[in-house]
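J.: This structure is in structure tokens; I'll ask about it shortly.
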Amino acid sequence: MTKIRSTTVLAVKHNGSVSIGADGQATMGNTVAKSNVKKIRKLQDGKIVTGFAGSTADAFTLLERFDEKLNAHGGNMERAAIELAKDWRMDRYLRKLEAMLIVANKEDILILSGTGDVLKPDNGIAAIGSGSMYAQAAAQALVGHASDLDSKKIVEESLNIAADICIYTNHNLIIEKIS
């Protein structure tokens, strides 16, 4: 799977809800270029929420293609993700894009990569970006030991932990809960 640096995106399915969030930091090399980038996007009238890591322009290209696939497949997130992954891997132009996506609806969370991966996490937690392992570990601990928290609070706490550790992740968070 592609390793994307310079952000953290986390999605959690817990206690009947799904939330996805990301920090707001954009870097160029080892310099902070912007601290309040919005890396979370709603599609299909808010029924699907996406987060991206990697090149912003590349991610926007992929998000547009994903939205086209959603429209072509009646909003079926999994089918649209598979079709996008096939195009992403096979198309000469798309193949060069450097980004990863997390897409979520109220039932599922998927990770999409340029190597053709469409992964559905077993534990209802998905993370991408440089701080992904910190956020994922924190989310797993919170899901296991703080079951009274909702998915949005788990995402918030986990991203804050990642921001305390990862130099490419900041505390300017955007989090969306899917109802």
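Values in this text are rule-based calculations from the coordinates and carry no lab data. All of these numbers come straight from a predicted model, not from anything done at the bench. Cβ: placed from backbone, ideal geometry, glycine included. Neighbour counts: every protein chain shown.
J.: Among 150-162, 40-52, how do they line up from the highest to the lowest mean number of other beta-carbon atoms within 10 Å?
T.: The packing order, highest mean first, is 150-162, 40-52.
J.: Could you work out the local net charge near His171, counting Lys and Arg as +1, Asp and Glu as -1, over the other residues with Cβ closer than 13 Å to its Cβ?
T.: With Lys, Arg at +1 and Asp, Glu at -1, the neighbours total -4.
J.: Right, next: May I ask which residue of Ser151, Ala162, Ile111 lies farthest towards the positive end of the charge dipole of the chain, with charges of +1 (Lys, Arg) and -1 (Asp, Glu) on Cβ and the Cα centre as origin?
T.: Working it through, the farthest residue towards the positive pole turns out to be Ile111.
J.: Continuing with this model, one more query. Distance check, please: which entries in Lys96/Lys177; Lys47/Lys86; Lys39/Lys120; Lys47/Lys152 exceed 27 angstrom between their Cα atoms?
T.: Violating the 27 Å Cα-Cα cut-off are Lys96/Lys177.
J.: Would you work out the charge dipole size for the chain about its Cα centre, treating the Cβ of every Lys and Arg as +1 and the Cβ of every Asp and Glu as -1, and quote it to the nearest 20 debye?
T.: About 360 debye.
J.: Quick one: the Cα spread of region 84-174 along its three principal axes, in angstroms, biggest first?
T.: Taking max minus min along each principal axis of the Cα atoms, region 84-174 gives 45, 31, 19 Å.
J.: Quick one: give the max-minus-min coordinate of the C-alpha atoms of the chain along each principal axis, largest first, in Å.
T.: Largest first, the chain extends 42, 39, 26 Å along its Cα principal axes.
J.: Let me ask you something else. Once the dipole of the chain is set up with Lys and Arg at +1 and Asp and Glu at -1 on Cβ about the Cα centre, which of Leu94, Leu62, Gly21 lies farthest towards its positive end?
T.: Leu94
J.: Per DSSP H run of n ≥ 4, the term is -39500 (n - 2.57); total these for the chain, divide by its residue number, and report the mean residue ellipticity at 222 nm rounded to 500 deg cm²/dmol.
T.: -11000 deg cm²/dmol
J.: Charges only on Cβ, +1 for Lys and Arg, -1 for Asp and Glu: so what's the dipole of region 80-179 about the Cα centre, in debye to the nearest 20?
T.: 340
J.: With just the Cα atoms defining each centre, how far is region 65-85 from region 31-51? Give it in Å.
T.: 18
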